[in-house]
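K.L.:
Shown below is the structure under consideration.
None of the figures in this text is laboratory data; all of them are computed from the coordinates on show. Every value quoted in this text rests on a predicted model; they were computed, and no experiment measured them. Positions of Cβ are generated from backbone atoms using ideal geometry, with glycine treated the same way; all protein chains shown enter the neighbour counts.
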Amino acid sequence: MKKRAIIVGGFHKAIALSNSLIKKNYNVTVINNDYQNCLSMAEIEDVAVINGDGTKPYVLEDANAQNADIVIALTQRDDDNLVVCQLCKKKFNVSRTVSLVNDPKKTEFFYQMGIDSVVCAVNAIANIIEQQAFLKGITAFIPIGEGRISIAEVPIQGTAPVIGKKLWEIDLPKEVIIGCILRGEKSMIPRGDTRILAGDMLVLISSDNQEVAAIKELTGRS
Amino acid sequence: MKYSEVKEKNEFIVIVGCGRLGASLANTLSDEGRDVLIIDKNKDALRKLSMSYGGLALIGDGTDIDMLREAELEKATAIVVVTNNDNTNIMISQMAKNIFNKELVIARLYDPERDYVYREFEIDTISPSILSSNEIWKLLTDDEGR
């Protein structure tokens, strides 16, 4: 059976998301309280559109929220998103709720309130821009755990300040570890007394967006 | 916790939203000599407070956690959330409960349909439409008795 997704609010984001969910064989229903937006979205094939306030229980009922596998709240307002997700959890027993949050300070609070995934647009965009700006020092970058943890590949060039140093001599941020060193054809799991050589490729695992600070420390770029 | 129990202590009440209800409540509480702080994001809304209002007034967004900290919600004995948006009231009440561990949280809710969201979080709700309909019902049935 096709999985069902409900997207509440958002216009451009909702369109992009519906398109990609449809490709992944989802049954998509969008709820939007702007009539013009609804008309535009109705042009997407295979999307059911409901014009109404998604924070109202009867609108969610119209959207058959009780049968939804996932509900995604994308409105502009944090409070609306919170209410949408809580209604879906408590009243309609939706197993997975995802909420956009505009105020980064509320991310933790939203998780506390039982929302399964909280995406902070401001933080996410700022992080991506920051990472792009430092992309020179990185060859591959994989965010995991909603971007809270990242795995980055950092090449060590001949001019890097850490060459010849042992790992424990390097002043890395606490939230960062060097998980692996790729040296030529070999890959090794480093220990505290492993020395870094020119030409090494380091695989960094970092949380709390500490990768930029770590890369600065390792490559000397600022 | 009943309001009468809170009254015993030297209480400090935070009100979010300076509409007609928020302002009149603030005026009454202040006249009775209680410590009150009222928050509204609109400066003009605070003009609804009476001349004799002796409490504090803060201009800012009550949904902002830092703003609530600035309002010293930690020290408050009760918080009354009466903005004109139900969802805002729900969110602020839940923040007061969960981040600030407030026991006495009272919120206004225009739409009684969402009541159970509050009930589960032990937030006391006041719904104007239900109160009004009860009152009207009372008047109507009283009339019949005469």
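K.L.:
Check each of the GluC sites (Glu not before Pro) in segment B:66-146 and keep only those in coil by DSSP with at most 16 other C-beta atoms within 10 angstrom; list them in order.
P.N.:
B:Glu72, B:Glu103, B:Glu122
K.L.:
Under 5 Å between amide H atoms, partner at least 5 residues away or on a different chain: which partners does A:Cys120 have, H built in plane at 1.01 Å?
P.N.:
Excluding prolines and chain starts, which carry no amide H, the hits are A:Val101.
K.L.:
By how many degrees, between 0 and 90 and to the nearest 10, does the Cα long axis of helix A:78-90 differ from the longest principal axis of chain A?
P.N.:
70
K.L.:
For segment A:130-219, with the dipole built from +1 on Lys and Arg beta-carbon atoms and -1 on Asp and Glu ones, taken about the Cα centre, which of A:Phe141, A:Ala160, A:Ile205 lies farthest toward the positive end?
P.N.:
Result: A:Ala160.
K.L.:
Could you work out the relative contact order of segment A:1-107? I mean the mean sequence separation of Cα pairs under 8 Å and 6+ apart, divided by the number of residues, in percent.
P.N.:
Over segment A:1-107, the number comes to 27 percent.
K.L.:
Okay, moving on. Answer rounded, prolate or oblate for chain A, using the Cα gyration tensor with square roots of eigenvalues a ≥ b ≥ c: rounded when a/c is under 1.5, else prolate when a/b is larger than b/c, else oblate.
P.N.:
It comes out prolate by the Cα gyration axes.
K.L.:
Could you line up B:Ser127, B:Ser133, A:Ser117 from fewest to most neighbouring Cβ atoms inside 10 Å?
P.N.:
B:Ser133, A:Ser117, B:Ser127
K.L.:
Rank these for me by crowding, A:Ile177, B:Ile106, B:Ile38, A:Ile115, going from fewest to most other beta carbons within 10 Å.
P.N.:
Working: A:Ile177 16, B:Ile106 20, B:Ile38 30, A:Ile115 24.
Least to most surrounded, the residues fall as A:Ile177, B:Ile106, A:Ile115, B:Ile38.
K.L.:
Normalised by the residues of segment B:1-135, what does the relative contact order come to in percent, with Cα pairs under 8 Å and at least six apart?
P.N.:
Relative contact order, segment B:1-135: 21 percent.
K.L.:
I need the P(r) histogram for segment A:170-222: all alpha carbon pairs, bin width 10 Å from 0 out to the longest distance, whole percents.
P.N.:
24, 58, 19, 0
K.L.:
Provide A:Val47, A:Val122, A:Val84, A:Val101 in ascending order of the number of other Cβ atoms located within 10 Å of each residue's Cβ, fewest first. Don't jump to the answer; show the numbers that get you there.
P.N.:
Numbers: A:Val47 19, A:Val122 12, A:Val84 30, A:Val101 23.
Starting with the residue having the fewest Cβ neighbours, the order is A:Val122, A:Val47, A:Val101, A:Val84.
K.L.:
Follow-up. Select from segment A:41-145 those GluC sites (Glu not before Pro) which occupy a DSSP coil region and have at most 14 other Cβ atoms within 10 Å, ordered by residue number. Mind dumping the intermediate values first?
P.N.:
Working: sites: A:Glu43, A:Glu45, A:Glu61, A:Glu108, A:Glu130; in loops: A:Glu43, A:Glu45.
Within segment A:41-145, the qualifying GluC sites (Glu not before Pro) (loop, at most 14 other Cβ atoms within 10 Å) are A:Glu43, A:Glu45.
K.L.:
Hey, what did chain A get for relative contact order, percent, Cα under 8 Å, at least 6 apart?
P.N.:
Dividing the mean separation by the residue count of chain A yields 13 percent.
K.L.:
Tell me the angle of helix A:121-133 to the major Cα principal axis of chain A, expressed in degrees between 0 and 90 and rounded to the nearest ten.
P.N.:
In chain A, helix A:121-133 runs at an angle near 30 degrees to the longest axis.
K.L.:
Could you work out the longest stretch of chain A that avoids the trypsin sites (Lys or Arg not before Pro) located in DSSP loops with at most 11 other Cβ atoms within 10 Å?
P.N.:
My reading of the result: A:25-173 is the longest stretch.
K.L.:
Here's another thing I want to ask about it. Grab the Cα-Cα distance for A:Trp168 and A:Asp34, subtract it from 0.36 nm times how many residues apart they are, and report the gain in nm with one decimal.
P.N.:
Once the chain is fully extended between A:Trp168 and A:Asp34, it gains 42.5 nm.
K.L.:
If only Cα atoms are counted, what is the Rg of chain B, and what is its Dmax, in Å?
P.N.:
Rg then Dmax for chain B, in Å: 16.0, 56.
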